[in-house]
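Beneath this line is the structure, given in structure tokens, with notes to follow.
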Amino acid sequence: MASSLLIVNPFASNVTEDLVARVRDALPDQPEVRLTQAPGHAVELSRAAVASGTGAIYVFSGDGGFNEVLNGVDGSTVVGFIPGGGTSVLPRALGLPRDPVAAAQRFAAGRTRRISVGRINGRRFGFSAGLGFDAELVRRIDALGRTSDGRRPGDLAFTWSAVRAIAEQRARYHEVLTVDGLGRAALALIANCDPYSYVGSIPLHVAPSARFELGLDLVAPRSVRARDLPRLVGYLTRGKGQERSAGVIYAHDRDRLVIHCDRPLPLHVDGEDVGDVKEAVCEAERDAVSVLV
């Protein structure tokens, strides 16, 4: 294996100077450490590392940093995701320990897994993307700002923001988008794996059949009213029922999905707000990246 690089987001929720040192010591090849300085910096660092022939890129960050590295690598460089965020969905979905040092120690065995990634309007994502409601929640959390040390609000703030958003809409979400060939819906959730995300220790099984080795899954409720909420919450926590519900568009293992919005809707990729869009072209990039597990 050629030289390796450890990319660190120093503002991620659970990243500290002491942990960075311990994570580096636990990694098998004592990588060079580079700290990100601004949004997009991890993309630049990973692209430069790939161009220079770096054999392994480790990322100690939250999901935003993981997403940036996925957008900077190709299939030739192995990547290790070390959980440093408050949620860190991607490494958890890959079965890695939540403790960053334990995750780094796992990489010593050199086990890899080849995974697919999603791409929406040209930007890659590792585990999920969404149009409408959940992207609006991401935007509301961002609007709360960060603490003095740069950290984002946690799961409690996310839950409270969801409650407020639903109350403001009087728990009624109408059809605002069209999925080509599948019909009208109130929102769209696109999954590259199961779970879609987590609330604390609770996994959200939006698309229970989604797998890293397959194409994309889509879950799009046609409309949402107050009486539908208990059923939808049940789907998310139990991980079954979506594919059989007449009120939900469910598509499995797709290479391409095209979504047209009646008006500009918020879009997120891997929990990062990427602005409003009128159209979303979602593509599966199969067998795209080698990751350490």
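Every number here is computed from the coordinates shown, using simple stated rules; none is lab data. Remember, it's a predicted structure, so these values are computed and weren't measured experimentally. Counting neighbours? That spans all protein chains shown, and the Cβs are built from the backbone with ideal geometry, glycine included.
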Item to check | Residue order, fewest to most surrounding Cβ atoms within 10 angstrom, among VAL89, VAL79, VAL274 | outcome: VAL274, VAL79, VAL89
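Lys and Arg at +1, Asp and Glu at -1: add these up for the other residues within a Cβ distance under 13 Å of GLY53 and post the number.
0
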Checklist outcome for this item: Computed over region 13-56, the distribution of all Cα-Cα distances in 5 Å bins, rounded to whole %, is 5, 17, 23, 24, 23, 7, 0
Item to check | Extension gain from GLU175 to SER52, taking 0.36 nm per residue of separation minus the Cα-Cα distance | outcome: 39.5 nm
Checklist entry - Taking only C-alpha pairs under 8 Å that are 6+ residues apart, what is the relative contact order of region 178-293 in percent? => result 24
Checklist outcome for this item: Among ALA129, GLY64, SER3, the residue whose Cα sits farthest towards the positive end of the charge dipole of the chain, when +1 is placed on the Cβ of each Lys and Arg and -1 on the Cβ of each Asp and Glu, is ALA129
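If we count trypsin sites (Lys or Arg not before Pro) as exposed when they sit in a DSSP loop and have at most 14 other beta carbons within 10 Å, what is the longest stretch of the chain that avoids them all?
1-97
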Item to check | Theoretical FRET efficiency, 1/(1+(r/R0)^6), r = Cβ-Cβ of GLU279 and LEU144, R0 25 Å, to 0.05 | outcome: 0.30
Item to check | Where N is the number of residues in region 4-110, Cα Rg divided by 2.2 N^0.38 Å | outcome: 0.93
Checklist entry - Per 5 Å bin from zero, what fraction in whole % of the C-alpha pairs of the chain is there, up to the bin with the longest pair? => result 1, 6, 12, 17, 19, 16, 12, 8, 5, 2, 1, 0
Item to check | Size of electric dipole in region 205-293: Cβ of Lys, Arg +1 and of Asp, Glu -1, about Cα centre, debye, nearest 20 | outcome: 720
Checklist entry - In nm, to one decimal, how far is the modelled label at GLN37 from the one at LYS240, with both set 7 Å along Cα→Cβ? => result 5.3
Item to check | Cα-centred dipole magnitude for the chain, charges only on beta-carbon of K, R (+1) and D, E (-1), debye, nearest 20 | outcome: 820
Checklist entry - Looking only at PRO266, PRO39, PRO208, which one moves most when the chain is put into a Gaussian network model with springs between Cα atoms under 10 Å? => result PRO39
